[in-house]
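Participant: What follows is a structure written as C-alpha cells; I'll ask about it next.
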C-alpha cells in the first residue's frame, strides 16, 4: 500500500476521543441551485465518485458506495465494520441547494448535517483533485475533503476540533468492483 507520502492519524481508535454532536441542518434538501460562479466547483465535478470504495485501517474496514448522478443528486452510503460487527454507517448525499453544492451526512438517530462545497484543489504534479466541504458551525467534523488520487485511490479527510484540540482523520480507500470486491485501478 503506497501510503508513505501520506501522513495520517486515525483517531477513531483512541478511547478518549469524544465526537461532538452534530448541529441540526438548516437547509431544506434539494433546493434548486443557481449556476455555479466561475471557478466554483459544482456537483458535475464529483461524478467520478460513482461506484464502490473500500479501505482498512486498525482492524476496521470502511466502504462507501455512490450511485450515479441522477436527478441533480448523488446518493451514497458508508459502513465501517470490525470483524463481523458494524461499528458505524451513514447515508450520504451530494446535492445542489440555493447557495451551492452540499455534502449531506445522515447518521442514524441523529440530525443530518450539510457541508458546503467550497473548493476544488488541483495538484497538477500528480493529477490529484481535492473537493472541500465545510460546515463552519460544526466542531467535528468541520471540514470534509475528498481527494481523488491516481491508480484508483481516494482519501477522505475529516477535520475539526475535539475537546478544543485540532483533529484530522484520513480514510484511504481504493476503487473496487462492487460485486467482487477486487481493486479497480481507474
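Participant: Could you check the range 115-162 and list, in sequence order, the residues that are part of a loop (DSSP other than H, G, I, E, B) and under 17 Å from residue 175 (Cβ atoms)?
Facilitator: Matches in the range 115-162: 126, 127, 149, 150, 151, 152.
Participant: When residues of the range 63-79 are filtered for being assigned to a strand (DSSP E or B) and surrounded by fewer than 17 Cβ atoms within 10 Å (Cβ to Cβ), how many remain?
Facilitator: Adding up the residues that qualify gives 4.
Participant: Hey, residue 174 hits all of (1) surrounded by 13 or more Cβ atoms within 10 Å (Cβ to Cβ); (2) part of a loop (DSSP other than H, G, I, E, B) but one; which does it fall short on?
Facilitator: (2)
Participant: Can you name the residue in the range 45-62 that is part of a strand (DSSP E or B) and touching a residue at least 24 places away in the same chain (Cβ under 8 Å) and, of all such residues, is surrounded by the most Cβ atoms within 10 Å (Cβ to Cβ)? Before the answer, list the steps.
Facilitator: Step one: of the range 45-62, the residues part of a strand (DSSP E or B) are 51-57, 60-62.
From the residues that got through so far, the ones that are touching a residue at least 24 places away in the same chain (Cβ under 8 Å) too are 51-55, 57, 60, 62.
On the way: 51: 19, 52: 19, 53: 25, 54: 18, 55: 21, 57: 17, 60: 17, 62: 21.
Per the criteria, the residue is 53.
Listed here are the residues, each with its yes/no results for (1) without any contact (Cβ under 8 Å) to a residue 24 or more places away in the chain; (2) loosely packed, with under 14 Cβ neighbours inside 10 Å; (3) more than 28 Å from residue 177 (Cα to Cα).
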residue	(1), (2), (3)
90	yes, no, no
100	no, no, yes
104	no, no, no
114	no, no, yes
131	no, no, no
136	yes, yes, yes
146	no, no, no
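Values in this text are rule-based calculations from the coordinates and carry no lab data. Because the structure is a prediction, the values reported are computed rather than measured. Cβ: placed from backbone, ideal geometry, glycine included. Neighbour counts: every protein chain shown.
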